[in-house]
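To start, the structure under review is shown below, and the notes come after it.
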Amino acid sequence: MHLTLTTAALAVLPALALGQASGSGKTTRYWDCCKPSCGWPGKGGNPIRTCDRSDNVLNDGGNTRSGCDSGGGAYMCSNQSPWAVSDSLAYGWAAVNLAGSSESQWCCACYELTFTSGPVQGKKMVVQASNTGADLGNNHFDIAMPGGGVGIFNACTNQYGAPPNGWGDRYGGIHTKSECASFPEKLKAGCNWRFDWFQGADNPDVTFRQVTCPSEITSKSGCGR
């Protein structure tokens with residue numbers, strides 16, 4: 001049976017449980033501007049959309065080299081920034097590593113995170129897995145948010161003229177909302193989200209469950225399973 005939920009209904013019941021991956025985990029944050037790993041073909045779903053240096057969507061079947069590689073021209077699209085659906089629900093994307101699973105299983109799948117610590121305790125966020133990371137532990141969601149720190153890789157200097165280590169600290173990013181004002185226009189809303197809806201939370205713990213991806217997410221990413 002197929003069910004269709006409106007945005008208003010999703011604010012109350014964010015997504016349909018699939019009874020698949022679930023458990024307890026942790027979060028971090030990043031925005032490195034690199035082509036997400038799930039943007040390559042053959043990762044378990046349609047490749048997630050990537051963009052050129054000017055933030056235009058690439059129609060390349062996922063085959064353009066990452067902007068983090070020498071001579072590469074594919075970057076994370078700015079519209080894969082998080083946003084608030086309501087005071088208690090947000091949507092976005094994350095690099096993911098799940099115990100006992102693999103990239104071919106989690107790429108483009110969606111997970112409902114319930115924050116269990118920090119100022120966002122009790123809030124929920126539905127994220128689509130867009131990336132992975134060699135530095136992620138088990139049941140780890142590295143939430144994509146502009147100004148969250150570039151981490152290991154940095155294509156933001158090449159794409160947007162960010163400082164050599166990205167905006168703010170290489171790991172953790174900027175410290176105050178006022179710093180978002182100097183960001184590229186297309187990244188400002190996602191940067192502000194971190195200090196508004198996310199309340200400046202610092203790597204809160206979560207419980208998670210796999211859910212059906214909301215159409216509001218897949219319409220931006222072009223990625224589904």
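For K177 and W83, what is the calculated FRET efficiency with R₀ set at 22 Å and r taken between the beta-carbons, to the nearest 0.05?
Once rounded, the FRET efficiency stands at 0.90.
Send over a whole-number figure in Å² for the accessible area per residue of the chain, probe 1.4 Å. List each step's numbers first, then the result.
Details: 9600 Å² over 225 residues.
For the chain, the solvent-accessible area averages 43 Å² per residue.
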Whole-percent carbon and sulfur share, accessible surface of the chain, 1.4 Å: 50 percent
Spin-label pair D205/A134, simplified geometry with 7 Å Cα→Cβ offset, distance in nm: 3.0 nm
Theoretical FRET efficiency, 1/(1+(r/R0)^6), r = Cβ-Cβ of E216 and T157, R0 25 Å, to 0.05: 0.20
Span from the the range 76-103 Cα centroid across to the the range 24-59 one, whole angstrom: 11 Å
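Under 1.5 on a/c is rounded, so check that first for the range 75-184, then, if it is not, pick prolate when a/b is larger than b/c and oblate when it is not; a ≥ b ≥ c are the square roots of the alpha carbon gyration tensor eigenvalues. Before the final figure, lay out the partial values.
Values: a/c = 1.79, a/b = 1.26, b/c = 1.43.
Note, shape of the range 75-184 comes out oblate.
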Virtual spin-label span in nm between D69 and Q20, 7 Å along Cα→Cβ: 2.7 nm
Using a Förster distance of 30 Å, the FRET efficiency for V57-T116 (Cβ separation, nearest 0.05): 0.25
Cα-based Rg / Dmax (Å) for the chain: 16.1, 51
All-pairs Cα distance distribution in the range 133-173, expressed in whole percent, bin size 5 Å: 6, 24, 30, 21, 12, 5, 2
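The values are calculated or read from the model by the stated rules, or taken from the named source; none is laboratory data. Owing to the predicted nature of the structure, the values given are computational and were not obtained by experimental measurement. Cβ sites come from the backbone with ideal geometry, for glycine too, and all protein chains shown count toward neighbours. Protein only, heavy atoms only, side chains kept; ligands, DNA and RNA dropped before computing areas. Shrake-Rupley method; radii C 1.70, N 1.55, O 1.52, S 1.80 Å.
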